[in-house]
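In what follows, a structure is listed as structure tokens, so that the remarks can point back to it.
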Amino acid sequence: MRSDKLPCNGASDLSDLSVNGQPVDIGGQTFAHRSVLLEPCMEALAIKPDGIYVDGTAGGGGHSYEIARRLTSGRLIAIDQDEAAIKAAGIKLAPLGERATVVRNNFCHIADVLDTLGVDRIDGVLMDLGVSSYQLDTPERGFSYMADAPLDMRMDARQSKNAYEVVNTYSEDELRRILFEYGEERFASRIAARIVREREISPIETTGQLTALIKAAIPAAAREGGHHPAKRSFQAIRIEVNAELDVIRPALEAALDRLKPGGRMAVITFHSLEDRIVKQTFADMASGCTCPRGLPVCVCGKKPQVKVVSKKPILPDAEELEFNPRSRSAKLRVAEKL
């Protein structure tokens, strides 16, 4: 059962505007999230003091804060679909006053958000894809295979689909597909079969149960060394729950439409599936005429929309890897609108 509807249908929710500096309870925990590739992102955006910028994945507000504090008469709009992230970003950005606006939404709603706020064009947009440290480190969110918690994995708690539904209602073929495609799991068939067999006895309700049966499905020799045996499967299920890959290209296209000439898009990815989509989308935007070779004149009329600022992705340096090992897989790609 694959969703044919992106989780970005509905109006922008401005009810979570949070820039008044009042303490906000986010479940009794500190929203801990290190901003990956912070300085390279600031350089990539080439921030103008009077510019308007969008952080499409605000998280704890680290990138947002660094953008906003560089502004004078400009404005930063921070978007996130996670309620805890919105509250944390609101606290982080409160000292910057009207320079920062926080909106709870999916980043593929960027056009709706800007329309609601009366903003026509922007000077730059940043998207930090993937799951946050806070989400991974909060057991009850159900993202981690390192703790036992209810199967959830929703980045936006308002959506209905969760990991429990995927694990307990998807067919064996559907489970095999998402484990192989989204997790690049070579034992996808064995794991899918094991899930279906176990849930026929009783529903699989927790991350602990799921982790145990994934381990049991993978040959012992393949479990030795390397990544945790459940890592790829948890990634795959999380991507399916949140339709993470489906929204990337539409979000980039929507952002491009609102960028001013010379405005930049900076996108951080954390695994090859995300990076491949961003790389290909930028390449498509940067390509010109698509007419067959040999035609004397262009008839398609297609012009390049962006230039790719760096042909190779920007990676964390040794210093960042030392203080934030989770940044190891991060890649930053940048494109500038023509």
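The values are calculated or read from the model by the stated rules, or taken from the named source; none is laboratory data. Since we're looking at a predicted model, the values are computed, not measured. With ideal geometry, Cβ positions are generated from the backbone for all residues, glycine too; neighbour counts draw on all protein chains shown. Calculation scope for accessible area: heavy atoms of the full protein, side chains included, ligands and nucleic acids excluded. Shrake-Rupley method; radii C 1.70, N 1.55, O 1.52, S 1.80 Å.
Hey, could you check segment 197-219 for residues that are part of a helix (DSSP H, G or I) and charged (D, E, K, R) and say which is nearest to residue 180 (Cα to Cα)?
We begin by selecting, within segment 197-219, every residue part of a helix (DSSP H, G or I); these are 197-201, 207-217.
Of the ones still in play, those that are also charged (D, E, K, R) are 197-200, 215.
On the way: 197: 19, 198: 20, 199: 20, 200: 22, 215: 16 Å.
The selected residue is 215.
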Of the criteria (1) out of contact with any Ser or Thr (no Cβ under 6 Å at 6 or more places or on another chain); (2) closer than 23 Å to residue 141 by Cβ; (3) not in a loop (DSSP other than H, G, I, E, B), which one residue 194 fails: (2)
Answer residue from segment 225-242, given it is open to solvent by less than 10 Å² (accessible area, probe 1.4 Å) and either outside any helix (DSSP H, G or I) or polar (S, T, N, Q) (or both) and is nearest to residue 156 (Cα to Cα) among those: 242
Any hit, segment 330-338, residues being out of contact with any Gly (no Cβ under 9 Å at 6 or more places or on another chain), free of Cβ contacts under 8 Å to residues at least 12 places away in the same chain and of a type outside the set (Gly, Ala, Ser): no
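What tally of residues in segment 68-96 results from selecting those that are of a type in the set (Lys, Arg) and in a helix (DSSP H, G or I)? Explain how you work it out, then say what you get.
Restricting attention to segment 68-96, the residues satisfying the condition of being of a type in the set (Lys, Arg) are 69-70, 75, 87, 92.
If we keep only those that are in a helix (DSSP H, G or I) as well, we get 87, 92.
The total comes to 2.
What number of residues within segment 152-174 satisfy the criterion of being assigned to a loop (DSSP other than H, G, I, E, B) and within 16 Å of residue 243 (Cβ to Cβ)?
Within segment 152-174, the subset assigned to a loop (DSSP other than H, G, I, E, B) is 152-162, 170-171.
Filter once more, so that each one left must be within 16 Å of residue 243 (Cβ to Cβ): 152-162, 170.
The number of residues fulfilling the criteria is 12.
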Failed item in (1) open to solvent by 60 Å² or more (accessible area, probe 1.4 Å); (2) more than 20 Å from residue 313 (Cα to Cα); (3) within 20 Å of the chain's Cα centre (by Cα); (4) of a type in the set (S, T, N, Q), with residue 209 passing the rest: (3)
Subset of segment 319-338 that is closer than 19 Å to residue 271 by Cα and part of a helix (DSSP H, G or I) - its residue that is most open to solvent (accessible area, probe 1.4 Å): 328
Hey, residue 59 modelled with pLDDT under 95, buried (at least 20 other Cβ atoms within 10 Å of the Cβ) and touching a strand residue (DSSP E or B) at 6+ places or on another chain (Cβ under 7 Å) or not: yes
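Among the residues in segment 288-302, are any in contact with a strand residue (DSSP E or B) (Cβ under 9 Å, 6 or more places away or on another chain), surrounded by 12 or more Cβ atoms within 10 Å (Cβ to Cβ) and not hydroxyl-bearing (Ser, Thr, Tyr)? Give the steps one after another, and end with the answer.
If we filter segment 288-302 for residues that are in contact with a strand residue (DSSP E or B) (Cβ under 9 Å, 6 or more places away or on another chain), which is where we start, we get none.
No, because not a single residue in segment 288-302 is in contact with a strand residue (DSSP E or B) (Cβ under 9 Å, 6 or more places away or on another chain), surrounded by 12 or more Cβ atoms within 10 Å (Cβ to Cβ) and not hydroxyl-bearing (Ser, Thr, Tyr).
Does segment 250-267 hold any residues that are assigned to a strand (DSSP E or B) and open to solvent by less than 20 Å² (accessible area, probe 1.4 Å), and which are they?
Kept after step one, since they are assigned to a strand (DSSP E or B), are these residues of segment 250-267: 259-267.
Scanning segment 250-267 gives 259, 263, 265, 266, 267.
Just checking, which of 247, 278 is touching a Lys or Arg at 6+ places or on another chain (Cβ under 9 Å), open to solvent by less than 50 Å² (accessible area, probe 1.4 Å) and farther than 14 Å from residue 307 by Cβ? Break it down into steps so the answer makes sense when it comes.
Numbers: 247 fails: touching a Lys or Arg at 6+ places or on another chain (Cβ under 9 Å).
Sole residue among the options that is touching a Lys or Arg at 6+ places or on another chain (Cβ under 9 Å), open to solvent by less than 50 Å² (accessible area, probe 1.4 Å) and farther than 14 Å from residue 307 by Cβ: 278.
Select, from 32, 68, the only residue that is at pLDDT 50 or above, over 30 Å from residue 192 (Cβ atoms) and surrounded by 14 or more Cβ atoms within 10 Å (Cβ to Cβ). Steps first, please.
On the way: 32 fails: surrounded by 14 or more Cβ atoms within 10 Å (Cβ to Cβ).
On inspection, the qualifying residue turns out to be 68.
Is it the case, given these coordinates, that residue 222 is open to solvent by less than 30 Å² (accessible area, probe 1.4 Å), on the phi < 0 side of the Ramachandran plot and not β-branched (Val, Ile, Thr)? Full working, then the answer.
On the way: open to solvent by less than 30 Å² (accessible area, probe 1.4 Å): no; on the phi < 0 side of the Ramachandran plot: yes; not β-branched (Val, Ile, Thr): yes.
No, not satisfied.
Any idea how many residues of segment 97-123 are part of a helix (DSSP H, G or I), charged (D, E, K, R) and surrounded by 15 or more Cβ atoms within 10 Å (Cβ to Cβ)?
So in segment 97-123, the residues part of a helix (DSSP H, G or I) come out as 97-99, 107-117.
Filter once more, so that each one left must be charged (D, E, K, R): 98-99, 112, 115.
Filter once more, so that each one left must be surrounded by 15 or more Cβ atoms within 10 Å (Cβ to Cβ): 99, 112.
Looking only at that region, the number is 2.
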Test result for residue 73, touching a residue at least 24 places away in the same chain (Cβ under 8 Å), within 22 Å of residue 261 (Cβ to Cβ) and among the hydroxyl-bearing types (Ser, Thr, Tyr): yes
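Name the one entry in 157, 193, 163, 188 that is over 26 Å from the mean Cα position of the chain (by Cα) and either open to solvent by less than 20 Å² (accessible area, probe 1.4 Å) or not charged (D, E, K, R) (or both).
Values: 157 fails: over 26 Å from the mean Cα position of the chain (by Cα); 163 fails: over 26 Å from the mean Cα position of the chain (by Cα); 188 fails: over 26 Å from the mean Cα position of the chain (by Cα).
That would be 193, the only listed residue that is over 26 Å from the mean Cα position of the chain (by Cα) and either open to solvent by less than 20 Å² (accessible area, probe 1.4 Å) or not charged (D, E, K, R) (or both).
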